[in-house]
Amino acid sequence: MNAPALHRAAGERAIARCDALGVAPYSDADSGLYRAWLTPAHRAAQAAVAEWMGQAGMATRLDAASNLIGRYEGEHRDAPALLIGSHLDSVRDAGRYDGPLGIMLGIECVAALHARGERMPFAIEVIAFGDEEGSRFPASMFTSRAVAGTLAPGALDGVVDAAGVSVAQALAGWGLEAAQFHQAARRPDEVIGYLEAHIEQGPVLEAEGLALGVVTGIAAQLRFEVSVRGRAGHAGTSPMPLRADALTAAAECVLAVEAVAREAASDLVATVGRMQVLPGATNVIPGRVSFSLDVRAGDNARRDAGAAQILHRFEAIAAARGVQVEAVQVQDLAASPCDTHLVELLAQAVETQDIAPRRLVSGAGHDAMVMRALCPTAMLFVRCDGGISHNPAERASAADAGLAVAAMLDFIERLGAIRGN
């Protein structure tokens, strides 16, 4: 089989494996896909991926932060490694390719090298991170932050999911200890770089007729947990002028979030994606509402200015409506430019596939933005149908996946030639 045919077969296999992980027992939901960190579905998915890693010629292990790692040795044992990774967890009612596709493409690259009996001047490690989405606990990227060595002491303390299960308890269920979580940290001398392939999650590549794109950087993010406290009361006996309705105040806050982002007329985006209303009875005025707030922009200054304006409007709404609004920051991810040298190598690899090397910024967050603290990073985007993601309609083609494998292998070969000199 010639190289293009091998790459097409690799793309088909990568897509088929993502599809296989989209159903029971790899989902925590009765219908659709929801795979949260440290759940039975996560454990089942890790077992399947570990088997595929082994078939590709890798030795597998689980690190102290629950990350699954497959290692393909280089020309010399204990050589530093090129890391290729993405995440196994998903949002609720998810698509099948956001995260897992990058892992499957990494496995296919190693499988191709193994089939040829080829070793690089460096090892290759494929990493399946556990919690990039943050869909179970209120913060995200605990596992990649552990590997990068940037997880603050005490970051796991008191963090619980909606059922009141703490991170420490969830880890204990896997035979892992929260106190040892930081032992997943890698030393800079152990790693030469990090490559992540991911569906674009946007419409640019499809609109321009391109299968692949080269990421130049990742937007900055802030996340808050916002609590609005009013006064619960009887829905039939409380006059409208005398109410302190937490839900109507929260609704006005949500509209203020949208207004600030629109008025900025820039790349600033702000989203409320989750809301809880208490006590939640039809005949009771809501006394407390909590909601999430996600603010992003291409650089830290625009993001921070937008967040500050949103919080200022919250204060004004609270004063006007006689409620209390508290916003607690739960995550701060700075803008993360990719390494210019690796970007250029990846652009050359994409161009080798007869694809114009379109460069673009990622508005979505990825583990790559965390890994930048450890080593140089690069990201490859793969076209997705309609730019749809975080949705069961999410689609990527086997043909595009095959081109991604070819480009990633070319990138690895180019990097090997440089490291070997």
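The values are calculated or read from the model by the stated rules, or taken from the named source; none is laboratory data. From a predicted model like this one, the values you see are computed outputs, not experimental measurements. With ideal geometry, Cβ positions are generated from the backbone for all residues, glycine too; neighbour counts draw on all protein chains shown. Accessible surface areas use protein heavy atoms only, side chains included; no ligands, DNA or RNA. Shrake-Rupley method; radii C 1.70, N 1.55, O 1.52, S 1.80 Å.
Could we say that Ser66 is open to solvent by less than 10 Å² (accessible area, probe 1.4 Å), at positive phi and touching a residue at least 24 places away in the same chain (Cβ under 8 Å) here?
yes
Only residues that are surrounded by fewer than 24 Cβ atoms within 10 Å (Cβ to Cβ) and among the small types (Gly, Ala, Ser): list them for the range 98-129, please.
Correct list: Ala111, Ala112, Ala115, Gly117, Ala123.
Which of (1) modelled with pLDDT of 95 or more; (2) at positive phi does Asp78 not meet, given it meets every other one?
So the condition that Asp78 fails would be (1).
Kindly list the number of the only condition in (1) touching a Phe, Trp or Tyr at 6+ places or on another chain (Cβ under 7 Å); (2) among the acidic types (Asp, Glu); (3) modelled with pLDDT under 95 that fails for Asp332.
(1)
Tell me, which residue of the range 1-58 that is touching a His at 6+ places or on another chain (Cβ under 7 Å) and among the small types (Gly, Ala, Ser) is nearest to Pro392 (Cα to Cα)?
Ala36
What number of residues within the range 5-51 are under 25 Å from Gly74 (Cα atoms) and open to solvent by 40 Å² or more (accessible area, probe 1.4 Å)?
Residues in the range 5-51 being under 25 Å from Gly74 (Cα atoms) and open to solvent by 40 Å² or more (accessible area, probe 1.4 Å): 5 in total.
Run down Arg71, Arg92, Arg77, Arg61 and say which single residue is among the basic types (Lys, Arg) and touching a residue at least 60 places away in the same chain (Cβ under 8 Å).
Arg92
Here are Val254, Val215, Val260, Val226: which of them is farther than 30 Å from Leu345 by Cβ and not in a helix (DSSP H, G or I)?
Exactly one of Val254, Val215, Val260, Val226 is farther than 30 Å from Leu345 by Cβ and not in a helix (DSSP H, G or I), namely Val226.
Just to be sure I understand the filter: pairs with C-beta atoms under 8 Å, separated by 6 or more residues or on different chains, first member in the range 1-30 and within 20 Å of Gln55 (Cβ to Cβ), second member buried (at least 19 other Cβ atoms within 10 Å of the Cβ) and of a type in the set (Phe, Trp, Tyr). Which pairs pass?
Listed pairs, sorted by first residue: Ile15/Tyr97; Arg17/Trp52; Cys18/Tyr97; Ala20/Tyr26.
Going through the range 113-151 one residue at a time, which ones are under 16 Å from Leu82 (Cα atoms) and either of a type in the set (A, V, I, L, M, F, W, C) or under 12 Å from the mean Cα position of the chain (by Cα) (or both)?
The answer is Leu113, Met120, Phe122, Ala123, Ile124, Val126, Ile127, Ala128, Phe129, Ser144, Val147, Ala148.
Among the numbered criteria (1) touching a strand residue (DSSP E or B) at 6+ places or on another chain (Cβ under 6 Å); (2) modelled with pLDDT of 95 or more; (3) surrounded by 17 or more Cβ atoms within 10 Å (Cβ to Cβ), which one does Ala256 miss?
In the conditions (1) touching a strand residue (DSSP E or B) at 6+ places or on another chain (Cβ under 6 Å); (2) modelled with pLDDT of 95 or more; (3) surrounded by 17 or more Cβ atoms within 10 Å (Cβ to Cβ), Ala256 misses (1) alone.
Could you list, in sequence order, the residues of the range 141-173 that are touching a His at 6+ places or on another chain (Cβ under 9 Å) and part of a loop (DSSP other than H, G, I, E, B)?
Residues satisfying the conditions are Met141, Gly149, Leu151, Pro153.
From (1) open to solvent by 30 Å² or more (accessible area, probe 1.4 Å); (2) under 17 Å from Thr377 (Cα atoms), pick out the condition that doesn't hold for Ala146.
Of the numbered conditions (1) open to solvent by 30 Å² or more (accessible area, probe 1.4 Å); (2) under 17 Å from Thr377 (Cα atoms), the odd one out for Ala146 is (1).
Looking at this structure, is Gln183 modelled with pLDDT of 95 or more, under 20 Å from Leu83 (Cα atoms) and of a type in the set (S, T, N, Q)?
yes
Report, ordered by the first and then the second residue, all pairs with beta carbons closer than 7 Å, sequence separation of six or more or different chains, a first member in the range 260-284 that is more than 24 Å from Arg243 (Cβ to Cβ), and a second member that is assigned to a loop (DSSP other than H, G, I, E, B).
Short answer, once both residue conditions are applied: Ala261/Leu268; Asp267/Gly298; Val269/Gly363.
Can you name every residue in the range 1-46 that is in a loop (DSSP other than H, G, I, E, B) and among the aliphatic types (A, V, I, L, M)?
Met1, Leu21, Val23, Ala24, Ala29, Leu33, Ala36, Leu38
Could you pull out the residue among Phe291, Phe314 that is surrounded by 15 or more Cβ atoms within 10 Å (Cβ to Cβ), of a type in the set (Phe, Trp, Tyr) and within 30 Å of Asp93 (Cα to Cα)?
Phe291
Taking the range 162-176 only, how many residues are open to solvent by 30 Å² or more (accessible area, probe 1.4 Å) and without any contact (Cβ under 8 Å) to a residue 60 or more places away in the chain?
8
Go through the range 186-212 residue by residue and tally those that are part of a loop (DSSP other than H, G, I, E, B) and under 20 Å from the mean Cα position of the chain (by Cα).
5
So which of Val214, Val159, Val228, Val204 ends up being among the aliphatic types (A, V, I, L, M), touching a residue at least 40 places away in the same chain (Cβ under 8 Å) and under 28 Å from Glu125 (Cβ atoms)?
Val214 is the lone residue from the list that is among the aliphatic types (A, V, I, L, M), touching a residue at least 40 places away in the same chain (Cβ under 8 Å) and under 28 Å from Glu125 (Cβ atoms).
Could you figure out which of (1) within 26 Å of Met371 (Cα to Cα); (2) open to solvent by less than 50 Å² (accessible area, probe 1.4 Å); (3) at pLDDT 95 or above isn't true of Pro286?
Every listed condition holds for Pro286 apart from (1).
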